[in-house]
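S.K.: Structure below; questions to follow.
Laboratory data are not the source of any read-out in this text; all were calculated from the coordinates shown. On a predicted model such as this, the values are computed, not experimentally measured, just so you know.
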Amino acid sequence: MAMMMKMSVATALLLLTTPLLVGAGVLSSTIDMMTPVDDVTMLFPENSSDIRRNLVKFDAPKLQRDRDARMERQRQRREKARQKLASIKPDLSTMSRLTKEELAKAEAEEHPWVRRARSSSSGSNGFGGMLDPSTEYDKWQQAYRMLGGFIDCDHSKDEDNNHSGDDEDREDNENACSRWMMWAAYVDPNYGGNGYDEYFGDEPAGFLDCHSPDTEWELLGVYRQEFYQYIEQISKHLWAIDEYEYVVALAGLSYMTDSDCFYVGVNDDGTSIYAGVAPKAEGKFEMALYTDGYCITPNDDLGYSFDYYGLTSNVALSSGDNGDDGGYSDDDIQNWWSDTQEYELTQLNDVYESFKYCTSCVDYPTYQDGYFIGDYGTDDDDLINQCWKFYSHDSFTCDADCISLGHAQGTIVSVDYGGVSWGETLSGFYSASSGDEDASSAAESRWTRMMSNVFVTFSFIVFIATFLAFAVARRSRHRERSSGRSRRLLSDDDKRKSRRSGGDGEADADGLFWSSRSTKSRSKSKSRSKSAPRRSSSRRGDRSERGGSTYEPPTSTKSKSSRKSRRHIDDF
């Protein structure tokens, strides 16, 4: 009996403790299953970073397998479609050939079947002028461009997606239309296999000019991605945590949030006011206020902007994937953050301006939320293909109807698709490029401006000096002309030599030459002057004998001679 009682007591204790142990295990499993990934540091504080790296490492092969499987399915579907189309033969008896006039009229009217014919026309690759997206391409021969945001009411974002930008404190408008970012992918058919040095080496063989109309890059496809996701994906992998671009990107993302349109208040008549991203011309964007239920047309007549509600935030350089902000909170970062959070998002637009031009898909060096991946982010295994990041984070194909939506809203930049040019061409669009080429172009522009200023200044100085020299010379010549009549042309020695030579000309006391005619006139005048007194004296003798009165000789002859002399002088 005693043994049975002992066994009964032991059995009872076991039965009582078993539910507790099992319950504790279930509770522990429940906690583990419900704990977010971000709280893993709380459960395993010693090796949380190692656990996060392992999670990413384990997920990478699965993502690659899913990508390969998806591309294979797409390739099979396209092959079946080609075979089906090849087997279809139209009934020629029911068809009539268009005249040239009818075809020209249809093209002028932009008839839908004309556009479809252009898009489906057989190109070098058979994909409407685009490359086969199922083909493998080297990551270094791929590039992308940001075309601009647009609003689409027919394609809403997946409600099950939760991103780091979600703000549960803000009330979303479920009826709002979605905001999308349009982007294009390109492939360089002339890629030489030089990797980084192909476009960024000392003597690059290739050029990132897929935005140029004369480019040899070929369009791989045009896509649309959630607006917030596109901005966020670039910020996560391109900049260090304390760089200006990284701070501006995170400040802008925090200010506009992941919401397409959210409630902010009411106006004086009780109408609800919503806020959301408003795509603008040339690929720009800003925060706007709306009073319509779909948040399509901004209301600029409210008298205030989104800044009125003061929905700014404090500096937070961590993302949803990394809770460490590195302790960066100096004055520069504070200023960058606060200056970015204004409704026009000027600084954020400036940071993302370069991505409208041809940009390499490889993030070099590669960062993850502000920190290098690996040692320096330059090892081949650490590099991230940004185009793949876009595609794997809520990107979808943007066909002609999708592109025409952004084109009609006037918010995308120029892109050639299906033989048709869509969007608006930026000022200086074809001469600009991304990366190092932007810096070299800017430096060259500054040098050109400086040399132009030097040339203009030097030319002006030469002009002034030439003008002053001309003015002085003209003044001196005028003075010489005005004093030419009284100027002595011969010195005293020259005059004596001239008299001795007995030449045809003779100089007077004023240093002026007389002609032979004037000399003869003067000789006659002198001879008359000398003979006149003789005759006068004889006559005086006669008259004195006759009447005894004196007689003064006339001076008219001398006066006439003087006049002749003056006339000769004046003639000279």
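S.K.: Please list, in chain and number order, the residues 5+ apart from G418 or on another chain whose amide H is under 5 Å from its amide H, with Hs placed from the backbone.
M.R.: none
S.K.: Further question on the same structure: Quick one: of K100/K280; K236/K280; K139/K284; K139/K236; K100/K356; K105/K157, which pairs are farther than 30 Å apart, Cα to Cα? Present the calculation step by step, with values, prior to reporting the outcome.
M.R.: Working: K100/K280 40 Å; K236/K280 24 Å; K139/K284 28 Å; K139/K236 19 Å; K100/K356 39 Å; K105/K157 40 Å.
Pairs exceeding the cut-off: K100/K280; K100/K356; K105/K157.
S.K.: Further, regarding this structure: Considering amide H positions built from the backbone, and no H for Pro or chain starts, which residues 5 or more places from G221, or on another chain, come under 5 Å of its amide H?
M.R.: Answer set, sorted by chain and number: A185.
S.K.: Same structure again: For F285, which sequence-distant residues (separation of 5 or more, or a different chain) have an amide H within less than 5 Å of its own amide H, given hydrogens modelled in the peptide plane?
M.R.: K280
S.K.: Take every Cα pair under 8 Å in segment 223-325 that's 6+ residues apart, average their separations, divide by the length, and report that relative contact order as a whole percent. Write out the running numbers ahead of the final one.
M.R.: Values: 110 pairs, mean separation 19.1, N = 103.
Once normalised by length, the contact order is 19 percent.
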